[in-house]
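What follows is a single structure, written as structure tokens, with notes after it.
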There are 4 protein chains.
Amino acid sequence: MDHGARRRRDPEARRREIVTAAAELIVEVGAEAVTHRMVAARAGVPLGATTQYFDTLDDLRSAAFRALAEEVDARLDGVRQTIADRGDSPAVIAALVFESMDDAHAVQADRAVVTAAVHDPRLRELARHLSDRLVELLEPTYGADRARAAMIFIDGVMWSMHIRDDRPAQPFIETALARLLGDSVSTPSAATATP
Amino acid sequence: MDHGARRRRDPEARRREIVTAAAELIVEVGAEAVTHRMVAARAGVPLGATTQYFDTLDDLRSAAFRALAEEVDARLDGVRQTIADRGDSPAVIAALVFESMDDAHAVQADRAVVTAAVHDPRLRELARHLSDRLVELLEPTYGADRARAAMIFIDGVMWSMHIRDDRPAQPFIETALARLLGDSVSTPSAATATP
Amino acid sequence: MDHGARRRRDPEARRREIVTAAAELIVEVGAEAVTHRMVAARAGVPLGATTQYFDTLDDLRSAAFRALAEEVDARLDGVRQTIADRGDSPAVIAALVFESMDDAHAVQADRAVVTAAVHDPRLRELARHLSDRLVELLEPTYGADRARAAMIFIDGVMWSMHIRDDRPAQPFIETALARLLGDSVSTPSAATATP
Amino acid sequence: MDHGARRRRDPEARRREIVTAAAELIVEVGAEAVTHRMVAARAGVPLGATTQYFDTLDDLRSAAFRALAEEVDARLDGVRQTIADRGDSPAVIAALVFESMDDAHAVQADRAVVTAAVHDPRLRELARHLSDRLVELLEPTYGADRARAAMIFIDGVMWSMHIRDDRPAQPFIETALARLLGDSVSTPSAATATP
DNA sequence: TATGAATGAGTCTTCATTCAT
DNA sequence: GATGAATGAAGACTCATTCAT
């Protein structure tokens, strides 16, 4: 018997749809709450498809986390480009941070990965990725310590946003970053001297 | 339908044991993953006891979160005392932050509450509590903006610790806090010693 | 330790309160749905009291059913008195039926007992009680068959009321009863001759 | 988490089996007492099958009640046919009532629906269905009032049967119906033969 | 290959009943 | 005797996973 219209033949696309749906759901309801059924419904695929492409739900979750990390990476490319264009002054970084808070997707993706990483060591490396890249970006100009301090502050800003309705004002972020990165510090050379 | 020996009768203690067990498990595996059975096993009480004292699992979770918040509060009292004794210089604050990273309990408790608050608006206020109190503590000396920036940085430090095996060095924290809190930095030399 | 005020010493009254509460609940939510906790709450007695006076919940239910039957009996006395005063003409009977539909208590009590009797043979006799007494009341005047037919019709009226919002009009009842009891039948003697 | 052999794949049949089992059990033990486990055992399907086909036990009950109503409807068709063939004289109606008391299924189905309707308003309409249709059948010949009175009497007969071991004799029913439906009674002599 | 029916383990929750206090 | 804490059996329901089709 022919059960309705034939499904299009594109396993890769379907796999991607499933992973994307799972990633969205992880962000929205948390990794623990995601089920095969939810993913199938969100992706618009039959239940069987979710088990066809991934042996276990945990495998599907892992793939989704990797997808989330890629989203974060994509944002990082934008950051890299902006810095190449406009420099890495505290004002530019602050603007980037402030704007990124509008981009719920990437920020939430990062948050989801970090949150899950607390209880799942396999996700640790993924969770560190964004921070590490950001530090690498700032290191040439500001040195490792200042770069890292800025990155830690930026992470703090993100978390602050997650549990508050109002986000920090851009000038506030800029001032703090300026202090951390050395704009108003007398001896930036001392910091960059730190290996 | 009653088999086996009954246990002692001390409702208060039993309730406390159950809440403590639930709080521990929330910290260890996350609030979503906690089940009645896990709590009962951890607390060493029969399954029925966990539902006897709390109408729903959600009620139990709430009680556990309150207990976690109290742990955080207890730590806050220590912080307040230390500041009263030794002042609120960046060095003192940095020392407090560094030491607190040893106190897995309170830090993890805070992290658990904040993490859960992302998906549960009812926990938002609880999650903001520690940060807000700490800001209040620093505000008289440093003003609202610097106090808040310091608090955000400290939160960032905590999260950094949660997804990394190594924690930031104390001098690193101190330098960053000194920069954020103002120019009255007492020991800038220490910062350059950061590895 | 003295736990609050001493309870009054009247086991009989307390037992009655419990049974009354159980009877009310059986009428309201059905015998199956009644629990110890519900009864205790309704009666305003501690949970333990409900198990103190009755070995099992089933025993309590039985007592409640007996109480319901007694309520029905009490109504029967009123009926008997009315008939003694005003005769047992179809008009009087119809008036009694019509009025009784206002008395939710007794009607519902009867309904509850009959309903439960369908699945519980032990309640059969109780369920038959009201009907049988009513037949006995009418038999001397109308004979067994007409009395029984009237009683069956009256039961039908009651059930009709239970599943409809509007109740039959009094004249409708009176007309039907008159037909069944013989007012407009030419040979009432024939009916009474049937033993 | 899959052990043992799978069963045949015929969703429609399986759904029907489950509903039928539930309907039987509702008739036998009452709607309140029915559980998933009972239904599964009766239908010979695993526990999970009962929740696979119906989101909640209440949905399953509803489906079962609809099935019971269909049984009643089926009987109604037989009644309609008989009346078309043999007329709607009291004797014919009485014969139908008397015979129907043998058909435990339909009568019990009706009783189960009516009983449940007392506590569940959603079932009211279903419960009224048989009565209403029967009234419609008799109305053209006897008028609304007499038809309704007959219907109410017939309901009373059914209930009488449910709480008694002996059922009313056919002549008894016929006589009563003749009285209720009018003076064109064809065989009043039969009534006096009632034991 | 793709689908969704099938199964039972495991979840939350309620409650009769027992019995320590 | 009176009270309510204690316990586990049982109920509704969810869902990962398997596998027939």
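C:Met101 versus (1) among the hydrophobic types (A, V, I, L, M, F, W, C); (2) free of Cβ contacts under 8 Å to residues at least 60 places away in the same chain; (3) out of contact with any Ser or Thr (no Cβ under 9 Å at 6 or more places or on another chain): which is the lone unmet condition?
For C:Met101, the exception is condition (2).
Please work out if C:Val45 is more than 30 Å from C:Ile152 (Cα to Cα), within 16 Å of DNA strand E (Cβ to nearest atom) and not hydroxyl-bearing (Ser, Thr, Tyr).
It is true that C:Val45 is more than 30 Å from C:Ile152 (Cα to Cα), within 16 Å of DNA strand E (Cβ to nearest atom) and not hydroxyl-bearing (Ser, Thr, Tyr).
On the basis of being more than 16 Å from DNA strand E (Cβ to nearest atom), at pLDDT 95 or above and touching a Phe, Trp or Tyr at 6+ places or on another chain (Cβ under 8 Å), does D:Ile18 make the cut?
For D:Ile18, the condition - more than 16 Å from DNA strand E (Cβ to nearest atom), at pLDDT 95 or above and touching a Phe, Trp or Tyr at 6+ places or on another chain (Cβ under 8 Å) - is not met.
What residue, of C:Ala91, C:Ala95, C:Ala69, is more than 16 Å from DNA strand E (Cβ to nearest atom) and within 27 Å of D:Glu32 (Cβ to Cβ)? It would help to see each step written out before you state the result.
Values: C:Ala91 fails: within 27 Å of D:Glu32 (Cβ to Cβ); C:Ala95 fails: within 27 Å of D:Glu32 (Cβ to Cβ).
Every option except C:Ala69 fails the conditions.
Does any residue in region C:43-63 that is within 10 Å of DNA strand F (Cβ to nearest atom) come within less than 6 Å, Cβ to Cβ, of a residue that is in a helix (DSSP H, G or I) and not β-branched (Val, Ile, Thr) six or more places away or on a different chain, and which pairs are these?
Going by the 6 Å Cβ cut-off, the qualifying pairs are C:Leu47/C:Ala40; C:Thr50/C:His36; C:Thr50/C:Ala40; C:Tyr53/C:Arg15.
In region D:21-52, how many residues are buried (at least 18 other Cβ atoms within 10 Å of the Cβ) and of a type in the set (Ser, Thr, Tyr)?
Selection size over region D:21-52: 1.
Just one of the numbered conditions (1) closer than 27 Å to D:Leu130 by Cα; (2) within 15 Å of DNA strand E (Cβ to nearest atom); (3) more than 14 Å from chain C (Cβ to nearest Cβ); (4) touching a helix residue (DSSP H, G or I) at 6+ places or on another chain (Cβ under 8 Å) is not true of D:Ser62; which one?
Against the list (1) closer than 27 Å to D:Leu130 by Cα; (2) within 15 Å of DNA strand E (Cβ to nearest atom); (3) more than 14 Å from chain C (Cβ to nearest Cβ); (4) touching a helix residue (DSSP H, G or I) at 6+ places or on another chain (Cβ under 8 Å), D:Ser62 comes up short only on (2).
Test A:Ala147 against the criterion of being modelled with pLDDT of 90 or more, more than 8 Å from every other protein chain (Cβ to nearest Cβ) and part of a helix (DSSP H, G or I), and give yes or no.
Yes.
Determine if region B:4-23 includes at least one residue that is within 15 Å of the chain's Cα centre (by Cα) and either closer than 26 Å to B:Glu136 by Cβ or within 13 Å of DNA strand F (Cβ to nearest atom) (or both).
Among the residues of region B:4-23, at least one is within 15 Å of the chain's Cα centre (by Cα) and either closer than 26 Å to B:Glu136 by Cβ or within 13 Å of DNA strand F (Cβ to nearest atom) (or both), which makes the answer yes.
Determine whether region C:125-133 contains at least one residue that is within 20 Å of D:Gly30 (Cα to Cα), surrounded by 15 or more Cβ atoms within 10 Å (Cβ to Cβ), in contact (Cβ under 8 Å) with a residue 24 or more places away in the chain and within 13 Å of another protein chain (Cβ to nearest Cβ).
Among the residues of region C:125-133, at least one is within 20 Å of D:Gly30 (Cα to Cα), surrounded by 15 or more Cβ atoms within 10 Å (Cβ to Cβ), in contact (Cβ under 8 Å) with a residue 24 or more places away in the chain and within 13 Å of another protein chain (Cβ to nearest Cβ), which makes the answer yes.
Being in a helix (DSSP H, G or I), within 14 Å of chain D (Cβ to nearest Cβ) and either within 14 Å of DNA strand F (Cβ to nearest atom) or among the charged types (D, E, K, R) (or both) is the requirement here; does C:Arg37 meet it? Give the steps one after another, and end with the answer.
Values: in a helix (DSSP H, G or I): yes; within 14 Å of chain D (Cβ to nearest Cβ): no; either within 14 Å of DNA strand F (Cβ to nearest atom) or among the charged types (D, E, K, R) (or both): yes.
Judged against the criteria, C:Arg37 is not a match.
With respect to A:Ala104, determine if the residue is more than 16 Å from DNA strand E (Cβ to nearest atom), closer than 30 Å to A:Tyr142 by Cβ and surrounded by fewer than 17 Cβ atoms within 10 Å (Cβ to Cβ). Working first, answer last.
Values: more than 16 Å from DNA strand E (Cβ to nearest atom): yes; closer than 30 Å to A:Tyr142 by Cβ: yes; surrounded by fewer than 17 Cβ atoms within 10 Å (Cβ to Cβ): yes.
Answer is yes for this residue.
Please enumerate the residues belonging to region B:154-179 that are in a helix (DSSP H, G or I), more than 17 Å from the chain's Cα centre (by Cα) and surrounded by fewer than 23 Cβ atoms within 10 Å (Cβ to Cβ).
Residues satisfying the conditions are B:Gln170, B:Pro171.
Can you go through C:Ile163, C:Ile152 and tell me which one is within 24 Å of D:Val118 (Cβ to Cβ), within 11 Å of chain D (Cβ to nearest Cβ) and modelled with pLDDT of 95 or more? Working first, answer last.
Values: C:Ile163 fails: modelled with pLDDT of 95 or more.
After ruling out the rest, the residue left standing is C:Ile152.
Scanning region D:66-80 for residues that are farther than 20 Å from D:Ala22 by Cβ and not acidic (Asp, Glu), which turns out surrounded by the most Cβ atoms within 10 Å (Cβ to Cβ)?
D:Val79
Only one residue in C:Ala74, C:Ala117, C:Ala94 is part of a helix (DSSP H, G or I) and away from every other protein chain (no Cβ under 14 Å). Which one?
C:Ala74
Looking at region B:77-91, which of its residues are without any contact (Cβ under 8 Å) to a residue 24 or more places away in the chain and assigned to a helix (DSSP H, G or I)?
Narrowing region B:77-91 to residues without any contact (Cβ under 8 Å) to a residue 24 or more places away in the chain: B:77-78, B:81-82, B:84-87.
Within region B:77-91, B:Asp77, B:Gly78, B:Gln81, B:Thr82, B:Ala84, B:Asp85, B:Arg86 qualify.
So B:Asp102 ticks every box in (1) in a helix (DSSP H, G or I); (2) farther than 19 Å from B:Glu17 by Cβ but one. Which box is left unticked?
(1)
Considering only residues that are β-branched (Val, Ile, Thr) and within 12 Å of DNA strand E (Cβ to nearest atom), which ones fall in region B:27-42? Even if it seems obvious, please write down each step before you answer.
To start, the set of residues in region B:27-42 that are β-branched (Val, Ile, Thr) comprises B:27, B:29, B:34-35, B:39.
Across region B:27-42, the qualifying residues are B:Val29, B:Val34, B:Thr35, B:Val39.
Report yes if D:Val79 is of a type in the set (A, V, I, L, M, F, W, C), within 14 Å of another protein chain (Cβ to nearest Cβ) and away from DNA strand E (no atom under 15 Å from the Cβ), otherwise no.
For D:Val79, the condition - of a type in the set (A, V, I, L, M, F, W, C), within 14 Å of another protein chain (Cβ to nearest Cβ) and away from DNA strand E (no atom under 15 Å from the Cβ) - is not met.
Hey, does region A:21-29 have a residue that's assigned to a helix (DSSP H, G or I), within 12 Å of another protein chain (Cβ to nearest Cβ) and over 20 Å from B:Val29 (Cα atoms)?
No.
Identify, please: which residue in region D:107-124 is touching a residue at least 60 places away in the same chain (Cβ under 8 Å) and of a type outside the set (D, E, K, R) and is, among those, surrounded by the fewest Cβ atoms within 10 Å (Cβ to Cβ)?
The selected residue is D:Gln108.
The values are calculated or read from the model by the stated rules, or taken from the named source; none is laboratory data. What you see is a predicted model, and the numbers here were worked out from it, not measured in a lab. Here the Cβ is made from the backbone with ideal geometry for all residues, glycine too, and neighbour counts use every protein chain on show.
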